[in-house]
Amino acid sequence: MELGAGRSRKEDRVDPAAGVLLRKRRGDEVRAGEVLAELHASDRARLDAGEARLRAAVVLSDEPAGAQPLVFERLL
């Protein structure tokens, strides 16, 4: 949503060029300088907001990430 790929109201415009391309997955080894993700947005303000959200969500560690289930919960 920060990048323009979603809506908070049904009247909001969706930018089909906006989005995130993840280059690494949880648990992947990452070396200095490697790209973790590509952000696409139509303007600098949206790109900056998306980058801030991504930086807040990513944690880098020397320890390997523990395994997580593919399905957290099943809704019926």
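The values are calculated or read from the model by the stated rules, or taken from the named source; none is laboratory data. Values in this document were obtained by computation on a predicted structure and should not be read as measured data. Cβ placement follows ideal geometry from the backbone for every residue including glycine, while neighbour counts extend to all protein chains displayed. Accessible surface is based on the protein model in full, side chains and every heavy atom, while ligands, DNA and RNA are left aside. Shrake-Rupley method; radii C 1.70, N 1.55, O 1.52, S 1.80 Å.
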* Asked: Under 9 Å by Cβ, and 6 or more places apart or on different chains, what pairs join a residue from region 61-73 that is outside any loop (DSSP other than H, G, I, E, B) with one that is open to solvent by less than 100 Å² (accessible area, probe 1.4 Å) and at pLDDT 90 or above?
  -> none
* Asked: So which residues in region 1-58 are of a type in the set (D, E) and more than 12 Å from the chain's Cα centre (by Cα)?
  -> E11, D12, D15, D28, E29, E34, D43, D48
* To do: Could you please give the count of residues in region 34-76 that are surrounded by 10 or more Cβ atoms within 10 Å (Cβ to Cβ) and not hydrophobic (A, V, I, L, M, F, W, C)?
  => 10
* Total residues in region 37-76, condition of a type in the set (K, R) and over 18 Å from A17 (Cα atoms) -> 3
* Which residue pairs have Cβ atoms closer than 8 Å, lie 6 or more positions apart in sequence or on different chains, and pair a first residue in region 5-27 that is touching a residue at least 40 places away in the same chain (Cβ under 8 Å) and open to solvent by 100 Å² or more (accessible area, probe 1.4 Å) with a second residue that is of a type in the set (G, A, S) and in a loop (DSSP other than H, G, I, E, B)? -> R26/A65
* Test result for A32, touching a Ser or Thr at 6+ places or on another chain (Cβ under 7 Å) and of a type in the set (G, A, S) -> no
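Tell me which residues, restricted to region 59-76, are among the aliphatic types (A, V, I, L, M) and more than 18 Å from the chain's Cα centre (by Cα).
Passing the criteria: A67, V71, L75, L76.
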* **Members of region 11-37 found to be basic (K, R) and either outside any loop (DSSP other than H, G, I, E, B) or modelled with pLDDT of 90 or more (or both), listed by number** => R23, K24, R31
